[in-house]
């Protein structure tokens, strides 16, 4: 029981190590050391044996030496004083006649990681750089990098750097690559090793001598080199071309990355490089190592973002293997969705259908989602499969299908009929809250066409007390209200009950607020309700580009190619596959504001400064006289024009809503004038400058078009952009509060 | 660059831990195990991140092989490095088991020390490493009476059959010097993995073969070896296959040490194999098998009057009569509510069982000769059986092994070592086809 007799074992080992009889018998000595290292790698603390091990270091037995070094390097930082004793032995070994002993000593001396080490090490390292054995030079070159990382703030020795640059021409390829690595570390602050034309060409010519690891390293460093002209560029490319077809995935990936960075201005060359590398990538995606398969699949997904047709004819390579782990299956299905075309859609759907009933629930959900995504272009076939799956009456499948149908209907309203007939005669009771939410949404939207909708909702309303998910409750409220619009007689009573419960007894504030909102909305009259609830119900054709996204330029992802990013990215999307699908906004406020949100600049928008960092804040009650306002207003030049759709609401309501976000209204025209105008201002306290600015949002021209668009001319003397942003935000808030 | 490398057993025991750069603490090991065990089945576990530290790991031999890195390293490089490390450990320790790693930890530390320095991969070639590795492997073979039959009396070789013992290729490449039993052996394996999808109507929808020629060399110093392939071997779609037994592949790539000067005319690969295992050639063939796929399934599935699910499966093996498939295992997904299975199998050596957890029926056939046809009748009691439940049956997947058989027809004509090795040397050529994935839709 090693874990119990911890101290006892250490004591016993110490006795054995210091026993002269054991020391005399080198086999017994070695075995005892073996036991120490074994305990160490099992995670036990054997640092107490340090001084005994220091003694064991002085031996001619190389195996024993190596073992002791493993121990010493692990515990050196705990015993800096004792470690200095070892250095003497190590320095002696550094001048041994056996190169293996020399390299071993030099390597481990640098590995001790002691702060005061460099004064002892520098001399052997300098000698080591000139050693006649390559294995010693390899170690010495990296030794300088180790010393540098140990004391990163010390001044860089120019002589050493020059020596290392000189060793780039060493006959041993590993020494050359190690020099690159060491220089990269030592010159990190200057941006790494300088790659000029002679060095670049030297490296390129020596590339073939390196092993695969060295090649990928050199290729990575070469990314910093910028060829002088097209001639040189194409010379380099043709030299590298065979490496694109390398069956060593690391070399192929590094070469492709280098191609993409060298040819960032030549998209046609990049495309042909991608095509060249397709074969090796596909081979890696079918490799025996599943981890390599996964890495290749993640990178293929990157490629497909720019060139969706790249793998089209090879879609069969992405059919799932029977014994593949779920994460690879899911990845392959995501790739398959991208590859669908008229010729292969039948085959792909056939393949995906097989996984809808997979034992692994996540795999089956991914398969169902994938069919849903294909359904955006091949609606009928996919609907047939999806509605067929509902017949299985299995909890997780039904839930996934409902969510998929909801998403599909949102994008393709024409499949409403098929969905309605699938919902006809529904009697399942779903446990999964996301599935239930989707069902309620569908019932709300298609309540007029599904006969049993009121009964299904009534069941839910009766059970609302035991409902735990707030999301389902808000969904239930919206669905009930929508159904009330289409079938008032059947719904009125239960809607009353639901509203009473949610307002009086519900503890979740969001649900309660939602219920209050609807309650007040109902007071405003049925027309108002209809407008709010059904206004944004159908999808907007302008959403199209968001769904069928256009090919991205290669530069979007080139920098993350052959890094860990695509692999971790896959982890997050697959892990949260439920959240990855674009969800239609189901809550009323969202529905109302969805258009306005589309107008709101995203933080990444290049035309606008990032305001999400909180750099802009508005003061609560700025003082501004009408005269001052007029003066500023007249100073304004032509500003930015933003068009925002706004639902009609009372000017007073708008004023109150704007005040909530610290935007003051100076004046507005009477409600029924066309165009309706409002004069707004606010006061910023800009955090970065600490100087307050008055922002004028002078003229809201509210024209009465069918869409009720507001054309806003925003003018300001400072921060025009920031200002616009504030403005749009205002709208977002307005909508939430109007009702 | 690699920060740390560690090996954990599936239960989380620390087997090997080596810190190359001192950037991350030793608690990373426990953190990794926590993260990897907290994963649900569906998440891709290959790359994980904790604070600034990335964990990249592979699973081999039931062990976790983990590399950590702080820099944004190439995933291909790290994964391939870990794969190569497992191959090296396998070469040096004989096999990849928790026990052999545990027993040879000193050797593995030594390997790691030579292979990686300061987080940078130095070399993984056995030719270079053999000069540095001093520790001898400890073989973990349990003592067994059966092994005695292989031991020659007084050193005489009693065993003269032409089949290499199956354990022959699972011993460490470096055996103790001076030991009598050390043999100069070289194994050349042609391994093909087939992935096949057969549609519900019996049409072959996909048939891919990925093959490789793998050389495992136990000779301490091997001179040039010439591997002769079939003369009518052709690469690419353009070349028309004539009459007779032409062997065709779509793509083909070679190890960089292979010299191909005689390949174009005589189809001879010249290679100086280094000790240990290496893949000298890889090839692929898509969608155009020279022969029929090895298995065809004729299913009939229906509900009987008693509310049971009847599956009558006829399975035919289309291999040539002198070949046979072994370890055939057929998985038939069945409806979720399946409770009991009654079976009628056509021969007593077969077996079948219902696995409710995987909702599947497993049908095992130890040996299935070419040209034969086997059948099975499964009666399943399913709770809540409906017409829709039949959708849940299938696709059927098969896993099997085809010894002494290659689907592409690739053969090794000869294997010559030049100059001829002094002393006794043995050369073995083995062929095997595995099912990577063999799916038949219903």
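Structure data summary
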quantity	calculated
Translational D in µm²/s for chain B (Stokes-Einstein at 37 °C, 0.692 mPa s, Kirkwood Rh from C-alpha pairs)	131 µm²/s
Of every Cα-Cα pair in region A:251-358, the percent that sits beyond 21 Å	37 percent
Residue order, fewest to most beta carbons within 10 Å, for B:101, A:500	A:500, B:101
Over region A:402-560, relative contact order from alpha-carbon pairs under 8 Å, at least 6 apart, %	21 percent
Region A:357-425 - convex hull of the alpha-carbon atoms, volume per residue in Å³	71 Å³
Region B:258-326 and region A:435-509: distance between their alpha carbon centers, rounded to Å	57 Å
Compactness index (Cα Rg / 2.2 N^0.38 Å), region B:319-421	1.53
Helix axis angle, B:105-115 relative to chain B longest principal axis, alpha carbon, degrees	70 degrees
Taking B:255, A:523 and counting other C-beta atoms within 10 Å, the order from fewest to most	A:523, B:255
Alpha-carbon spread of region B:190-304, three principal axes, descending order, Å	68, 33, 20
Per-selection Rg to Rh, region B:1-85 - Cα, Kirkwood hydrodynamic radius	0.91
Ellipsoid semi-axes in whole angstrom, largest first, where each is sqrt(5λ) of the Cα gyration tensor of region B:373-442	49, 12, 10
D_trans [Stokes-Einstein, Kirkwood Rh over alpha-carbon pairs] for region B:329-373, 25 °C, 0.890 mPa s, µm² s⁻¹	213 µm²/s
Spatial separation of Cα centroids for region A:150-197 and region A:305-326, in angstrom	42 Å
Where only alpha carbons of region A:88-183 are counted, the Rg and the Dmax (Å)	12.3, 35
Size-normalised alpha-carbon gyration radius of region A:310-385, reference 2.2 N^0.38 Å	0.99
Ratio of Rg to Rh over region A:326-456 (Cα coordinates, Kirkwood Rh, two decimals)	0.96
Cβ-based exposure ranking for A:35, B:441, in which fewest neighbours within 10 Å come first	A:35, B:441
Mean residue ellipticity (222 nm) of chain B, computed from DSSP H runs ≥ 4 via -39,500 (n - 2.57), nearest 500	-3500 deg cm²/dmol
Convex hull (Cα only) mean projected area of region A:111-159, reported in nm² to one decimal	3.4 nm²
Measure of compaction for region A:39-115 (Cα Rg per 2.2 N^0.38 Å)	1.03
Hydrodynamic radius by Kirkwood, which averages 1/r over all alpha carbon pairs of region A:171-266, in angstrom	13.6 Å
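Laboratory data are not the source of any read-out in this text; all were calculated from the coordinates shown. Because the structure is predicted, anything quoted here is derived from the model rather than measured. All Cβ positions, even for glycine, are placed from backbone atoms using ideal geometry, and neighbour counts span all protein chains on display.
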